[in-house]
Amino acid sequence: DAMVIQNPRYQVTQFGKPVTLSCSQTLNHNVMYWYQQKSSQAPKLLFHYYDKDFNNEADTPDNFQSRRPNTSFCFLDIRSPGLGDAAMYLCATSRDRQVPYEQYFGPGTRLTVT
Amino acid sequence: EDQVTQSPEALRLQEGESSSLNCSYTVSGLRGLFWYRQDPGKGPEFLFTLYSAGEEKEKERLKATLTKKESFLHITAPKPEDSATYLCAVQAHTGNQFYFGTGTSLTVIP
């Protein structure tokens, strides 16, 4: 089945220790998104890739970076995690972005910062 | 400023008790409105896309409707397995971002 896969599902890191979360998709979609979702809050868009074109949201901290080496994979790098970065990180894809194509989400990675 | 507001924040229903969830939005030109279901500890699952006022979509016990200012998700004769958080998101013509609401947490009691 075509899908969005995130690894790991649970990640524990120490304060200030870099961490990388990964996302892969078999949908062959052009657009990949990273969201941060804290408890009982709406998902917050961090950035997205339209093909190889990187689009950062204005309020995304510099501590968050992303890489998309090919169509299928996208990575979220947190350079120096703080306690406030503990959250669920969601990867999503959509076929395109100009037309209102729906987004398909992965299961998320729950990040804990100790 | 574009924004999405969902109400109520939480809703408890008896099994079989129909109700509606509301999503009101202010956006500079609606490109699309989306409904998602999110189970605890999981990513949102796509339910519906609505593009223009007057449009309706149905799936099993769920029916989504859209006006120029709001969308409703009607749940008919809900079952306990319908318990989840239901998220609404809108996409504006100006830009590509999805604006999510904070969701309605639905609990259906057997």
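Of a type in the set (Gly, Ala, Ser), open to solvent by 80 Å² or more (accessible area, probe 1.4 Å) and within 14 Å of chain B (Cβ to nearest Cβ): which single residue out of A:Ala58, A:Ala42 fits that description? If you could, list the steps in order and put the result at the bottom.
On the way: A:Ala42 fails: open to solvent by 80 Å² or more (accessible area, probe 1.4 Å).
Among A:Ala58, A:Ala42, only A:Ala58 is of a type in the set (Gly, Ala, Ser), open to solvent by 80 Å² or more (accessible area, probe 1.4 Å) and within 14 Å of chain B (Cβ to nearest Cβ).
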Given (1) over 24 Å from B:Thr102 (Cα atoms); (2) not in a strand (DSSP E or B), number of the condition A:Ser22 does not satisfy: (2)
Neighbours by Cβ (under 6 Å, 6+ apart or cross-chain): first from segment B:46-73, under 23 Å from A:Val4 (Cβ atoms); second open to solvent by 60 Å² or more (accessible area, probe 1.4 Å) and assigned to a strand (DSSP E or B): B:Phe48/B:Lys57; B:Ala64/B:Lys57
Residue that is nearest to the other protein chains (Cβ to nearest Cβ), among those in segment B:46-88 that are of a type in the set (S, T, N, Q) and open to solvent by 30 Å² or more (accessible area, probe 1.4 Å): B:Thr85
Test: A:Tyr33 is part of a strand (DSSP E or B), within 14 Å of chain B (Cβ to nearest Cβ), touching a residue at least 40 places away in the same chain (Cβ under 8 Å) and closer than 20 Å to A:Met3 by Cα: yes
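If you scan segment A:36-80, which residues turn out to be more than 20 Å from B:Ala89 (Cα to Cα) and in a strand (DSSP E or B)?
Our first condition is that a residue be more than 20 Å from B:Ala89 (Cα to Cα); within segment A:36-80, this holds for A:51-54, A:61-80.
The answer is A:Asp53, A:Phe54, A:Phe64, A:Gln65, A:Ser66, A:Arg67, A:Phe73, A:Cys74, A:Phe75, A:Leu76, A:Asp77, A:Ile78.
Scanning segment A:12-36 for residues that are in contact with a Lys or Arg (Cβ under 7 Å, 6 or more places away or on another chain) and closer than 25 Å to A:Gly82 by Cα, which turns out most open to solvent (accessible area, probe 1.4 Å)? It would help to see each step written out before you state the result.
Taking segment A:12-36 as the starting set, the residues that turn out to be in contact with a Lys or Arg (Cβ under 7 Å, 6 or more places away or on another chain) are A:18, A:29-32, A:35-36.
Within this subset, residues satisfying the condition of being closer than 25 Å to A:Gly82 by Cα are A:18, A:32, A:35-36.
On the way: A:Pro18: 94, A:Met32: 1, A:Tyr35: 1, A:Gln36: 26 Å².
Ranking the qualifying residues of segment A:12-36, first place goes to A:Pro18.
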The one condition in (1) surrounded by fewer than 16 Cβ atoms within 10 Å (Cβ to Cβ); (2) of a type in the set (Gly, Ala, Ser); (3) over 20 Å from A:Val12 (Cβ atoms) that A:Ser66 fails to fulfil: (1)
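Out of B:Gly95, B:Gly43, B:Gly29, report the one residue that is modelled with pLDDT under 95 and buried (at least 18 other Cβ atoms within 10 Å of the Cβ).
Values: B:Gly95 fails: buried (at least 18 other Cβ atoms within 10 Å of the Cβ); B:Gly29 fails: buried (at least 18 other Cβ atoms within 10 Å of the Cβ).
One residue alone meets the criteria, B:Gly43.
The values are calculated or read from the model by the stated rules, or taken from the named source; none is laboratory data. None of these values were measured; they are calculated from a predicted model. Don't worry about glycine lacking a Cβ; one is built from the backbone with ideal geometry, like all the others, and counts go over all protein chains shown. Just the protein is used for accessible areas: all its heavy atoms, side chains included, with ligands, DNA and RNA removed. Shrake-Rupley method; radii C 1.70, N 1.55, O 1.52, S 1.80 Å.
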